[in-house]
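Read-outs: derived from the displayed coordinates by stated rules, not from any lab. Just so we're clear, the structure is a prediction, and the values are computed from it rather than from any experiment. Quick reminder, even Gly has a Cβ in these numbers, built from the backbone with ideal geometry, and neighbours come from all protein chains shown.
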Amino acid sequence: MNKRITLKIAKIKDEIKDIKTFSFKYKLNAKPGQFIMLTDFEGGEKPFSISDCTKDEFSITIKKIGEFTSRLFQKDVGDLVSIRGAFGSSFFISNGKVLLVGGGYAVPTFYFFSKILLESGANITLINGARTKDELLFVEKFGKLGINLINTTDDGTFGEKGTSVDIARKLLVSKLQQNQLVSKPQLGDNSRFHPATAGWKRENVDKFDFIYASGPEMMMKALQGVIGEIEYEFLFERYMKCAIGICGSCTVDPLGIRLCVEGPVLPKKIVEQLTEFGKYHRDASGKRILY
Ligand SMILES: Cc1cc2nc3c(=O)[nH]c(=O)nc-3n(C[C@H](O)[C@H](O)[C@H](O)COP(=O)(O)OP(=O)(O)OC[C@H]3O[C@@H](n4cnc5c(N)ncnc54)[C@H](O)[C@@H]3O)c2cc1C
Ligand code: FES
């Protein structure tokens, strides 16, 4: 919805250093994966994913990066901001066994999404990754949802050691091994038998119906390489200005997909056609920036 609404900040929660959740009493009617545009009336309007949304309240979780977000961090409860939205595509709501792979400040949108998935009866495994313990988000909130939560840090200071993709690889490569053992190898036939599968226990392996990712683009690019045949959706964060499909600043090659309208959540069949995925993105002027 492109109508502009002025709202009072109802709650501010410090999550970790430089990350805060701002909540608003307003019936947003958003779907998981969608975003709002927010301005503080002092210059600029920026996109933020919705980290929670109930009947009469919604939240966004923001990392302090530059000028705009630093100004937001000066705000208090009761201060006014203005929003448009919610905008964009949303995640497919599966009721199967799903894997959510998240990294960094893009993880909170999975809180809202997990609640909706649980309502639809999905069985959720969530990989919640960060570089180090102090940067890991929503550990307690995700923990309370009763999902299969795998916290992981690159440096091993909390949870598993490794990136979100390292953990996904462990879960998903086991699935490929399962396929290799579909028929029992005959004597002298090594074609379906791989040494890596020797001693492997079939009952320990997860089978996922759908995979979702929200995180740095290079994380999603690496994840794409280990997903195999499973259906997936990725949430893309690219430079956005209008959020209503007219300025062209968020289009991606070669399809001209507008990430503010056809995205930010894109399905596998589209992602596989994106020649710029994991190679470059664009800045405010539209100039290509290599990853
Ligand atoms: C769909 C979508 C959802 C997002 N969700 C979140 C979120 O939930 N939490 C969060 O903290 N951030 C989110 N972002 C990124 C957020 O919009 C930027 O971090 C923010 O605009 C930075 O503004 P700044 O002035 O503080 O920093 P700047 O110094 O202006 O920019 C720092 C970096 O932020 C990004 N950025 C700046 N302006 C924009 C813009 N108009 N559109 C997209 N990216 C921009 C660029 O990568 C830039 O290099 C999202 C972006 C998109 C596109
Ligand atoms: S932000 Fe303007 S077309 Fe997407």
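Under 5 Å between amide hydrogens, built in the peptide plane, is the criterion, and for residue 15 it picks out 20, 21 among residues at least 5 positions away or on other chains.
Please give every one of the aspartates and glutamates within straight-line cross-link reach of residue 8, meaning a C-alpha to C-alpha distance under 18 Å, and leave out same-chain neighbours fewer than 8 residues apart. Excluding near neighbours in sequence, the set is 40, 42, 45, 52, 56, 57, 76, 79.
Applying a DSSP loop filter and a limit of 16 other Cβ atoms within 10 Å to the trypsin sites (Lys or Arg not before Pro) in segment 40-71 leaves 55, 64. Centre-to-centre separation between the Cα atoms of segment 97-129 and those of segment 247-272: 22 Å.
Each label point was placed 7 Å from the Cα along the Cα-to-Cβ direction; for residue 160 and residue 93 their separation is 2.8 nm.
Applying a threshold of 19 Å to the alpha-carbon distances of 141/161; 97/207; 221/279; 46/141; 31/75; 20/46 flags 141/161; 46/141; 31/75 as lying beyond it. When you filter the GluC sites (Glu not before Pro) in segment 20-126 for DSSP loop state and at most 14 other Cβ atoms inside 10 Å of their Cβ, you are left with 42. Given segment 11-156, report the % of alpha carbon pairs whose separation exceeds 27 Å. Percentage above 27 Å: 21.
Given the pairs 64/170; 25/268; 11/133, which span a C-alpha to C-alpha distance of over 29 angstrom in this model? In this structure, 64/170; 25/268 lie more than 29 Å apart at Cα.
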